[in-house]
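Accompanying notes for the structure given below.
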Amino acid sequence: MGSRVMHLAISSILYEKLPSRDKNRFLLGAILPDAAAEGNSHRKLVLPGGGKKTYDLTGFRGQYMELMKSDPLYLGFYLHLLQDLVFRRFVYVTHRWDPLPEGNVERLHNDYELCNRHIIQKYRLSPDIEIPSLIESEQLFSDCRYEIKGFLAELRSDFAREAKGDIFFFRREMADEYISLSVPICLAEMTAVQTGSGFADEIAMAWER
């Protein structure tokens, strides 16, 4: 999955198409799936045969479509899932990254930290996201348990931390490429949400390690 800073960069660009909406709710929704402490927040599915995985975009739309149209929290959340689908194909299919050797996942996460400052500066990001009042009464919280306060503290630390070590796999150029790839796909999906057709196909976008 892409890092929270990458999601924030993509969603900050997307918000330019939603200027009349609540920016804080949109950006919070855009990182909320990664704040889950319990539950299948990403709606992960294993396809028949067991070789490929995807995220249940269709099921999420079926449950929350009307809220996605009116509430940027739910739209941001949904677009996070789509961005992660794009990321999975980007690293597994395009760049053929192998997460199975011991330590590779930890090395990838350190690459994220090494890329953070570049992304924050290039896309002029801010960590100032607030927790809306009564957030735990949202329907999303019936599916999973989220630890938002601690997660936002970790986001703020991403802006302050000086990463150490050398790039292992995921370079700054790859972060920019992934962000550039995700934005038009998400913009098309935002149009599909409003028109009711032309949605991304999560089966076609399924990944295999």
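At-a-glance table
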| item | result |
| --- | --- |
| Segment 159-199, residues that are surrounded by 13 or more Cβ atoms within 10 Å (Cβ to Cβ) and part of a loop (DSSP other than H, G, I, E, B) | Ala163, Ile167, Phe168, Phe169, Phe170, Arg171, Phe199 |
| Test: Thr58 is β-branched (Val, Ile, Thr) and surrounded by 18 or more Cβ atoms within 10 Å (Cβ to Cβ) | no |
| Near pairs, Cβ below 7 angstrom, 6+ apart or cross-chain, from segment 121-146 (on the phi > 0 side of the Ramachandran plot and touching a residue at least 24 places away in the same chain (Cβ under 8 Å)) to any residue that is surrounded by 11 or more Cβ atoms within 10 Å (Cβ to Cβ) and of a type in the set (Lys, Arg) | none |
| Some residue of segment 69-89 being surrounded by 16 or more Cβ atoms within 10 Å (Cβ to Cβ), free of Cβ contacts under 8 Å to residues at least 60 places away in the same chain, touching a strand residue (DSSP E or B) at 6+ places or on another chain (Cβ under 9 Å) and assigned to a helix (DSSP H, G or I) | yes |
| Unmet criterion (only one of (1) surrounded by fewer than 17 Cβ atoms within 10 Å (Cβ to Cβ); (2) touching a residue at least 12 places away in the same chain (Cβ under 8 Å); (3) over 19 Å from Asp158 (Cβ atoms)) for Gly49 | (2) |
| Hits in segment 113-158 (condition: of a type in the set (Ser, Thr, Tyr) and loosely packed, with under 13 Cβ neighbours inside 10 Å) | Ser126, Ser133, Ser137, Ser142, Ser157 |
| Given (1) surrounded by 19 or more Cβ atoms within 10 Å (Cβ to Cβ); (2) outside any helix (DSSP H, G or I), index of the condition Ala37 fails | (1) |
| Which numbered condition Thr94 misses (of (1) at pLDDT below 95; (2) closer than 22 Å to Met6 by Cα; (3) surrounded by 14 or more Cβ atoms within 10 Å (Cβ to Cβ)) | (3) |
| Residue in segment 40-59 that is aliphatic (A, V, I, L, M) and part of a helix (DSSP H, G or I) present | yes |
| Answer residue from segment 11-33, given it is out of contact with any Cys (no Cβ under 9 Å at 6 or more places or on another chain) and among the hydroxyl-bearing types (Ser, Thr, Tyr) and is surrounded by the fewest Cβ atoms within 10 Å (Cβ to Cβ) among those | Ser20 |
| Matching entry among Leu79, Leu140, Leu125 (being closer than 17 Å to Leu28 by Cβ and at pLDDT below 95) | Leu140 |
| Per-region count, segment 120-147, residues part of a loop (DSSP other than H, G, I, E, B) and basic (Lys, Arg) | 1 |
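The values are calculated or read from the model by the stated rules, or taken from the named source; none is laboratory data. Not measured: the values here are computed from a predicted model. We place every Cβ from the backbone using ideal geometry, glycine too, and count neighbours over all the protein chains shown.
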